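The values are calculated or read from the model by the stated rules, or taken from the named source; none is laboratory data. Please read all numbers here as calculations on a predicted model, not as lab measurements. Every residue, glycine among them, receives a Cβ derived from its backbone with ideal geometry; neighbour counts consider all protein chains shown.
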Amino acid sequence: MTFQSPPLPLVLAGPLLRRCTPTRLVWWLAVREPVRVRLQLVPEAGPGLERELVPGDPGCRLLSAGRHLHYLLIDVRLDDPLPQDCWIGYSLALRPVGAVDAAWQDWTHWAPDLCYAGRASPGFVLPSRVRSLLHGSCRKPHHPGADGLVEADRLLQSLLAQGARPADVVAPDGLPEWPSMLVMTGDQVYADDVAGPMLHAIHHLVARLGLPDEPLDGGDLSGVDSAQALYRHPAGFYRRETLLPSQARRHRDLVEVLFGGVEKPVFTT
């Protein structure tokens, strides 16, 4: 019996709102193939907006990282500022560039859980001032601790369920007021400390997305000069630090000044 992987979804990750101001909105997505974009904005106060974009247009940039991995950056600049301190709903619909007759797929097809109960679409708020914020720091995916972003999601759901409005100075009993922003600090990705099972899954995903083999500069010193060579190496899962180039061997005079002759592996450049 052979196992067949299910087809890749059109949207692999996102959408993420990376920048929100009254005159500029930026979304980021990872998609399976190049797509056209149809964006709709529906503010609670003020007129709505609709735009259709194709990669190469101003405000729509596509970066191809592999056969089935493309990063889409939607950067919308607005002549008329959006209202502040109110809910602004949005809808993103996508259609593969090469499929002229294909139907548009909006967020209800590839991310239905983006929408909170009682809302017709995903949305965001543009605060006129910072009164409250959420803070997130480091987290390893294989750490036994829970994901704090889930709790942030629950907070917004609770505020909406109790009728809180972004402009409210006082929140419903027992809840903090609507956060003005999410501030992320620290190392968001522990690229030098990934669990073995996750690495194994990443290797399979790299092949499925058709990512090219990546050359590793300086890897010839340890016999690992490419990503594929690293995947096959017996130290590639739990002894990766033994494969890192040593600064002391390559820049001994500088290391003597900075570290007093103590050898340190290169984790960043």
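Report yes if some residue within the range 82-94 is within 26 Å of Leu175 (Cβ to Cβ) and of a type in the set (Val, Ile, Thr); otherwise report no. Yes, the range 82-94 has at least one match. One residue stands out among those in the range 58-83 that are more than 19 Å from Arg18 (Cβ to Cβ) and in contact with a Leu (Cβ under 6 Å, 6 or more places away or on another chain): the one that is surrounded by the most Cβ atoms within 10 Å (Cβ to Cβ), which is His68.
Please verify whether the range 239-249 includes one or more residues that are among the hydrophobic types (A, V, I, L, M, F, W, C), closer than 30 Å to Glu151 by Cα and either at pLDDT 70 or above or not in a helix (DSSP H, G or I) (or both). No; the residues of the range 239-249 include none that is among the hydrophobic types (A, V, I, L, M, F, W, C), closer than 30 Å to Glu151 by Cα and either at pLDDT 70 or above or not in a helix (DSSP H, G or I) (or both). For the range 43-58, the candidate set comprises residues that are in contact with a Cys (Cβ under 8 Å, 6 or more places away or on another chain) and assigned to a strand (DSSP E or B); within that set, the residue that is nearest to Met181 (Cα to Cα) is Pro43.
Is there a residue in the range 24-42 that is without any contact (Cβ under 8 Å) to a residue 12 or more places away in the chain, surrounded by fewer than 16 Cβ atoms within 10 Å (Cβ to Cβ) and part of a strand (DSSP E or B)? Within the range 24-42, none of the residues are without any contact (Cβ under 8 Å) to a residue 12 or more places away in the chain, surrounded by fewer than 16 Cβ atoms within 10 Å (Cβ to Cβ) and part of a strand (DSSP E or B).
Identify, please: which residue in the range 15-34 is β-branched (Val, Ile, Thr) and within 18 Å of the chain's Cα centre (by Cα) and is, among those, farthest from Leu209 (Cα to Cα)? Among them, the one singled out is Val26. May I ask you to say which residue of Ala111, Ala102 is surrounded by fewer than 16 Cβ atoms within 10 Å (Cβ to Cβ) and either of a type in the set (Gly, Ala, Ser) or in contact with a Lys or Arg (Cβ under 6 Å, 6 or more places away or on another chain) (or both)? Going through Ala111, Ala102 in turn, the sole match is Ala102.
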